[in-house]
Amino acid sequence: MSSHRHRHRHLHVVVVVVLLLSLFVSSSHTFSPYEESQIRTFQSYLQLPTPHPNPNYTPSVSFLTSVAQSLNLTIQTLEFVPNKPLLLLTWPGLSPHLPSLLLNSHLDSVPAEPRLWSHPPFSAHRDPSTGRIFARGAQDDKSISIQYLESIRNLKLSNFRPLRSVHLSFVPDEEIGAADGMARFVPSEHFKNLNVGFVLDEGQASEGEDFRVFYADRSPWSLIVKATGQPGHGSRMFDGSAGENLMECVEAVARFREAQFDLVKAGIKEASEVVSVNLVYLKAGTPSPTGFVMNMQPSEAEAGFDVRFTPTEDPDLLRKRIEEEWAPISKNLTYQLIQKGPIRDKAGRPLVTATNDSNPWWSVFKQAIIASGGKLAKPEILRSTTDARFIRQMGIPTLGFSPMANTPILLHEHNEFLRDSVFLNGIKVYEHIISSLSSFSATAEQ
Ligand SMILES: *[C@@H]1O[C@H](CO)[C@@H](O)[C@H](O)[C@H]1NC(C)=O
Ligand SMILES: *[C@@H]1O[C@H](CO)[C@@H](O)[C@H](O)[C@H]1NC(C)=O
Ligand SMILES: *[C@@H]1O[C@H](CO)[C@@H](O)[C@H](O)[C@H]1NC(C)=O
Ligand SMILES: [Zn+2]
């Protein structure tokens, strides 16, 4: 009896251990040694810090060059500005005269504040139970850099040969506006010689099952409005003071902002599909040792606005609105509009990539996602900007895409991470994308 009970207890222990083991195994660690080595490549790349304001690009370029060598890719390092290298890799196609496929990512990252992270931001610590790999750049966008390369490794192992040439660009300075990066690359002879037909650039993580895809970026503008007017005693009510004139502007902007925001609140438009205008500073008043002179109306006042222009709008209409409603000269208002980056392509068309059958690359891309077992969400306009805008300016269709489903959106945040399984699945997705887009033969020379 007692020995029976003893056996029973043994059995319990064994069952519990087996249950625990199976839980452990199913949460992660079911990867092959080959997949583990792909994860290690990702971690090693993440461990090379490239945060602004002083990204050191040399170790990253050396690292990527050695991966490219192991893949027998053609390697070129371009330097438009000293110490800001651009790495360009090529997998030559069997029909190199066809327009090529370009896969772009950037080398730099935003800074990280280590004291606010649970693991050092350049340790690429991999949590054994969740598979989360923590690092600045894990989502934005060093994941796609390594996924592009490792999917090419898989395709080469399966003896796939592309019809079109496949190029990979790793560019500096995306996070600070790309003046010494993509903005220099696209007008160059090097870029022209690639005969690029279609580009994939970074996208963003998706909290749901579907992958997100971006067909346009919003364009950042700065609007500065200056008011002048009659100065006067603080006690007097009169028309035409600088403060009153500036209020005309602020109220007109507020009415426009509310109408745009109402469209978002009512669910008629996405936040990135409207023009946003937000007040970022106000400057007025006569300074005194304790603050401001309180009984004097100033002769000058100024307001600054952050404007995000959506490419589906007509920029001339907005300029007309600014001139007539927001800053009319009749109210002693003048304005300065600073456009940061292009809003129209070489042919004067909006910087929008078609996501319908008029764009043959789109159809092939969409089919490839389905074939990989994934699903695409409704195409979106990105709220902010990426290097894609410079490529769209050349009239080349470009989509923003990073295959990160079921993942919190952590770009530029503390504790940025990507799960190992999500990283590996992305490699599979790119295998489908690269093999389809590099081998469809229909002429797509729009
Ligand atoms: C690269 O080329 C070498 C020599 O031709 C070959 O042995 C190797 O398998 C190639 N590697 C890949 C990944 O294509
Ligand atoms: C514009 O400024 C001038 C000079 O300060 C002032 O005389 C005039 O009344 C102002 N007009 C308006 C409409 O504010
Ligand atoms: C496809 O999309 C583009 C850009 O959004 C649009 O201009 C065009 O009219 C659309 N074409 C068709 C056939 O739907
Ligand atoms: Zn990025």
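Every number here is computed from the coordinates shown, using simple stated rules; none is lab data. All values reported here derive from a predicted model rather than from experimental measurement. Don't worry about glycine lacking a Cβ; one is built from the backbone with ideal geometry, like all the others, and counts go over all protein chains shown.
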Cross-link reach from LYS226 to lysines, straight Cα distance under 16 Å and at least 8 residues apart if same chain, gives LYS283, LYS331
Here, GluC sites (Glu not before Pro) of the stretch 243-282 satisfying both criteria (DSSP loop; at most 15 other Cβ within 10 Å) are GLU270
CD proxy, 222 nm, the chain: helix-only mean residue ellipticity via -39,500 (n - 2.57) per DSSP H run with n ≥ 4, per residue, nearest 500, stands at -10500 deg cm²/dmol
Computed ³J(HN,Hα) along the stretch 32-43: with the Karplus parameters 6.51/-1.76/1.60, θ = phi - 60°, integer Hz and x for glycine or proline, the list is 6, x, 5, 5, 4, 6, 5, 5, 5, 4, 4, 4
Quick shape check on the chain: root eigenvalues a ≥ b ≥ c of the Cα gyration tensor, a/c under 1.5 is rounded, otherwise prolate if a/b tops b/c, else oblate, and it reads prolate
Residue span ALA259 to ALA179: 0.36 nm per residue of separation minus Cα-Cα distance leaves a gain in nm of 25.4 nm
At 37 °C in a medium of viscosity 0.692 mPa s, the stretch 260-415 has a Stokes-Einstein diffusion coefficient, with Rh taken as the Kirkwood radius over alpha carbon pairs, in µm² per second, of 167 µm²/s
Here the alpha-carbon Rg of the stretch 87-168 over 2.2 N^0.38 Å rounds to 1.44
Here the gain from full extension of GLU302 to ARG319, 0.36 nm per residue of separation minus their alpha-carbon distance, amounts to 4.3 nm
per DSSP, antiparallel bridges as share of beta bridges in the chain, % nearest 5, sits at 75 percent
Rounded to a whole number, the Stokes-Einstein D of the stretch 355-446 in µm²/s (Kirkwood radius over Cα pairs; 37 °C; 0.692 mPa s) is 219 µm²/s
When LYS340, LYS331, LYS142 are ranked with the fewest other C-beta atoms within 10 Å first, the list becomes LYS340, LYS331, LYS142
Applied in sequence order to the stretch 236-243, the curve 6.51 cos²θ - 1.76 cosθ + 1.60 (Karplus, θ = phi - 60°) yields integer Hz couplings, x standing for Gly and Pro, of 8, 9, 8, 8, x, 7, 4, x
Diffing the stretch 89-102: the Karplus 3J(HN,Hα) column from phi (6.51, -1.76, 1.60, θ = phi - 60°), in whole Hz with x for Gly and Pro, holds 10, 9, 10, x, x, 6, 10, x, 7, 6, x, 9, 9, 10
Counting only DSSP loop positions in the stretch 362-400, the trypsin sites (Lys or Arg not before Pro) whose Cβ has at most 16 other Cβ atoms within 10 Å are LYS375, ARG383
Hydrodynamic calc, the stretch 219-339: Kirkwood Rh from Cα pairs, then Stokes-Einstein at 25 °C with viscosity 0.890 mPa s, so D in µm² s⁻¹ is 158 µm²/s
